[in-house]
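A.B. asks: Right, I'll just put the structure down here and ask away after.
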Amino acid sequence: MTQLLDHVPLFPLSTTVLPGGRLPLQLFEPRYLDMLATCLREQRGFVVLLLREGNEAGADAVFYDIGTYVKIVDFQQLDNGLLGITVEGQWKVAVHRSWQAPDGLNLGHAERLPDEPEDALPTGRSELASVLRALLRHPVVNRLELEVDFSSAREVGWRLIELLPLDGQEKQRLLEYQDPLDRLDRLSDLLDAME
């Protein structure tokens, strides 16, 4: 069954989040505060997309059309006076059309992508799970309280995309893979190159 999202808010960022991942954000622009209020009132989420050009706050932001639909799982006033929210990825989406509202908020029509296969992590890729375990011990990452199924090729790959220091284009390429095992092969090659 295809799930279509009409007039869904689009949030271009210089980082990625995937299904099951969590991302803390600070909101201060009126357009995003209004978006947050609407999302909470209507109990709906928004789409996080990786920036291709421009900056997060600019009206000239150009973004990729494959991203992740997220829901708000926490919000609080931060010490710096800004509003902090934490979002959690739900599923990957393809944005078919986008435009800007008068207040500068990006909106679009999006479609939920098919779920990826639930393959087991191959025994030959156990080093990727070890790398992920090490990354999850970092205090900043630990605060996100991520629950990871280390036996899932899909989840191990998704969390590594979010946490490894990869450039944006590479993260986007990996996000767009629909085969978790192919993604793990590419991540393994990238880790070898880092060493």
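The values are calculated or read from the model by the stated rules, or taken from the named source; none is laboratory data. Since the structure is predicted, the reported quantities are computational estimates derived from the model, not experimental observations. Counting neighbours? That spans all protein chains shown, and the Cβs are built from the backbone with ideal geometry, glycine included. Quick note on the areas: whole protein, heavy atoms, side chains included, nothing else; ligands and nucleic acids left out. Shrake-Rupley method; radii C 1.70, N 1.55, O 1.52, S 1.80 Å.
A.B. asks: Per the helix-only calculation at 222 nm, which mean residue ellipticity applies to the chain, given -39500 (n - 2.57) for every DSSP H run of n ≥ 4 and division by its residues, nearest 500 deg cm²/dmol?
C.D. replies: Only helices count here, giving -9500 deg cm²/dmol.
A.B. asks: For the stretch 1-94, with only Lys/Arg (+1) and Asp/Glu (-1) charged at the beta-carbon, what is the dipole magnitude about the Cα centre, in debye rounded to 20?
C.D. replies: Result for the stretch 1-94 is approximately 260 debye, rounded to the nearest 20.
A.B. asks: For the stretch 147-162, take each phi angle, set θ = phi - 60°, evaluate the Karplus expression 6.51 cos²θ - 1.76 cosθ + 1.60, and give the result in whole Hz per residue in order, putting x for glycine and proline.
C.D. replies: Coupling constants for the stretch 147-162: 9, 10, 8, 6, 8, 9, 4, 4, 5, 4, x, 4, 5, 5, 4, 5 Hz.
A.B. asks: What is the packing order of peptides 142-152, 3-13, taking the mean over residues of other C-beta atoms within 10 Å and listing the highest first?
C.D. replies: Highest mean packing first, the order is 3-13, 142-152.
A.B. asks: What value does the chain have for Rg/Rh, both radii from Cα atoms and Rh as Kirkwood defines it?
C.D. replies: 0.96
A.B. asks: Please work out the C-alpha center-to-center distance from the stretch 118-195 to the stretch 23-78 and express it in whole Å.
C.D. replies: If we compute the Cα centre of each part, the gap is 24 Å.
A.B. asks: On average, how much accessible surface per residue is there in the stretch 1-150, in Å², for a 1.4 Å probe, leaving out ligands, DNA and RNA?
C.D. replies: 54 Å²
A.B. asks: Now for a different question. So for each of 105-116, 155-166 I average, over its residues, the number of other beta carbons within 10 Å; can you give me the resulting order with the highest mean first?
C.D. replies: For the peptides 105-116, 155-166, the packing ranking is 155-166, 105-116.
A.B. asks: Lys/Arg Cβ at +1, Asp/Glu Cβ at -1, dipole of the stretch 27-137 taken about the Cα centre: which of 106, 136, 43 is farthest positive-ward?
C.D. replies: After comparing all options, I get 136.
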